[in-house]
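As structure tokens, the structure follows; a few thoughts come after it.
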Amino acid sequence: MVAEAHDYRDECNALYALLAPLSDDAFSYRTLFKDWTINDVLGHLHMSDQAAVLTLDNENAYANYLTSVAKALASGVPLTTYTTQWLGGFTGHRLLQRWHELTGEVARRYAELDSSQRVAWVKARMSTRSCISARLMETWAHGQAVYDRLGRPRQEHDRIKSVAVLGVNTFGFSFANRNLEPPTEKPFVRLTAPSGAIWTWNAPEAQSCVEGSAVEFCQVVAQTRNVADTKLMVKGDAATRWMSIAQCFGGPPEEPPFPGARHLHTE
């Protein structure tokens with residue numbers, strides 16, 4: 001059983017509840033994430049969720065899907081344009097319903113799997129637990145742009161622990177992905193969960209540390225906020241360098257948003 005699948009389902013349900021009352025026109029609102037519309041965000045999540053099903057059903061078809069996306073991007077087609085074409089014109093509430101129905105299937109199917117089972121995903125195989133955790137992280141991270149645009153603070157839950165774990169586990173990747181040598185000592189990480197629980201990683205006697213809100217830590221590693229826009233306590237060279245480039249998602253290096261660039265929309 002993969003317990004994280006239930007957390008993924010709950011995060012998707014929360015985003016659905018936010019979007020369901022909107023008019024179709026509201027899905028065209030532009031967010032502060034690369035000027036993507038809410039339709040763009042939802043379409044991207046839907047396409048990635050479809051890939052999460054495809055890798056379970058037919059790994060050859062999944063590989064062909066990756067090749068198709070890579071060829072389109074290499075030819076200069078923007079990801080949002082490719083996604084729009086892939087969606088076949090679905091937008092607004094039609095897209096919302098298709099996405100939400102698929103998230104239920106993804107959650108159900110991954111919950112039934114052995115958590116150690118390996119599946120193909122982008123550049124390497126990973127466990128089903130890691131795969132569904134990545135789906136949770138991406139839904140939570142991209143969802144932030146939607147909450148921000150609608151001016152709605154999100155009610156956070158301890159299910160973001162999967163995002164925090166990905167953030168901690170990608171310490172070395174954040175450096176190596178930029179052809180930088182990772183610091184030899186990992187910073188101590190001490191976070192306060194939404195429930196008030198304390199989560200810790202690495203040795204408390206480490207020379208550097210990151211302490212504070214788990215939500216803000218997740219926002220930094222998922223690049224939905226600049227560390228300067230948080231109240232995280234970051235001490236030591238290794239921690240300071242990490243928080244300036246942290247990236248808990250795969251793909252080429254992405255630059256964190258500039259200070260103040262991502263925020264809750266106010267009228």
Query raised in the report: Which residue, 127, 195, 75, tops the fluctuation ranking in a GNM of the chain built on C-alpha contacts under 10 Å?
Result: 75
Requested in this report: Name the residues whose placed amide hydrogens come within less than 5 Å of the amide hydrogen of residue 121, ignoring near sequence neighbours (fewer than 5 apart) on the same chain.
Outcome: 126
Report task. Using +1 at the Cβ of each Lys and Arg and -1 at the Cβ of each Asp and Glu in the stretch 116-267, identify which of 136, 226, 238 lies farthest towards the dipole's positive end. Result -> 136
Query - Helix-derived mean residue ellipticity, 222 nm - over the chain, DSSP H n ≥ 4, -39500 (n - 2.57), to 500 - result: -16500 deg cm²/dmol
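With +1 on the Cβ of every Lys and Arg and -1 on the Cβ of every Asp and Glu, and nothing else charged, how large is the dipole of the stretch 1-76 about its Cα centre, in debye rounded to the nearest 20?
Here the stretch 1-76 has a charge dipole of around 300 debye.
Strictly greater than 33 Å: what percent of every Cα pair in the chain meets that?
18
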Report task. Give me the accessible area per residue for the chain, probe 1.4 Å, as a whole number in Å². Result -> 47
Report task. Pairs of Cα atoms under 8 Å, at least six residues apart: use those to get the relative contact order of the stretch 1-82, whole percent. Result -> 15
**Report entry** Dipole of the chain, positive end: most advanced residue of 72, 48, 196 [Cβ charges, Cα centre]
**Finding:** 72
Report summary line: Mean separation of Cα contacts under 8 Å (at least 6 apart) over the residue count of the chain, i.e. the relative contact order in percent, is 19
Query - Residue-count net charge about residue 51 - beta-carbon cut-off 12 Å; Lys, Arg +1, Asp, Glu -1 - result: -3
Query - Between helix 59-74 and the chain: long-axis angle, C-alpha atoms, 0 to 90°, nearest 10 - result: 80
Query raised in the report: Please state the relative contact order of the stretch 58-169 as a whole percent: Cα pairs under 8 Å, 6+ residues apart?
Result: 15
**Report entry** Distance (nanometres) between label positions extended 7 Å along Cα→Cβ at residue 122 and residue 173
**Finding:** 0.6
Query - Rounded percent of accessible protein surface that carbon and sulfur make up, the stretch 88-128, 1.4 Å probe - result: 50
Report summary line: Karplus ³J(HN,Hα) for the stretch 198-209 (6.51 cos²θ - 1.76 cosθ + 1.60, θ = phi - 60°; Hz, whole; x = Gly/Pro) runs 9, 10, 10, 9, 6, 6, x, 8, 4, 6, 9, 7
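Relative to the Cα centre, what is the charge dipole magnitude of the stretch 126-245, using +1 at the beta carbon of each Lys and Arg, -1 at the beta carbon of each Asp and Glu, and rounding to the nearest 20 debye?
Using only the charged Cβ atoms, the result is roughly 340 debye.
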Query raised in the report: Going down the list 123/235; 34/186; 186/231; 71/186, which pairs span over 26 Å between their C-alpha atoms?
Result: 123/235; 34/186; 71/186
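Looking only at Cα atoms, what is the convex hull volume of the stretch 195-242 per residue, in Å³?
So the per-residue Cα hull volume is 83 Å³.
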Report task. Please find, in a Gaussian network model of the chain (springs between Cα atoms separated by less than 10 Å), the residue of 134, 74, 61 whose mean-square fluctuation is greatest. Result -> 74
Query - Rounded D (µm²/s) - the stretch 165-267, Kirkwood Rh over Cα pairs, Stokes-Einstein at 37 °C, 0.692 mPa s - result: 237
Report summary line: The local net charge around residue 128, scoring Lys/Arg +1 and Asp/Glu -1 for residues other than residue 128 whose Cβ lies under 11 Å from its Cβ, equals +2
Requested in this report: Would you calculate the separation in nanometres between label points at residue 81 and residue 192, each defined as 7 Å from the Cα along the Cα-to-beta-carbon direction?
Outcome: 4.8
Requested in this report: Pop the C-beta distance of residue 114 and residue 13 into the FRET formula with R0 = 35 Å and round what comes out to the nearest 0.05.
Outcome: 0.90
Requested in this report: Within the set of other residues whose C-beta is less than 14 Å from the C-beta of residue 233, count the net charge using Lys and Arg as +1 and Asp and Glu as -1.
Outcome: +1
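The values are calculated or read from the model by the stated rules, or taken from the named source; none is laboratory data. Please read these numbers as outputs of a predicted model, since none were measured by experiment. Cβ atoms come from the backbone with ideal geometry, glycine included; neighbour counts cover every protein chain shown. Note: areas computed on protein heavy atoms with side chains; ligands, DNA, RNA excluded. Shrake-Rupley method; radii C 1.70, N 1.55, O 1.52, S 1.80 Å.
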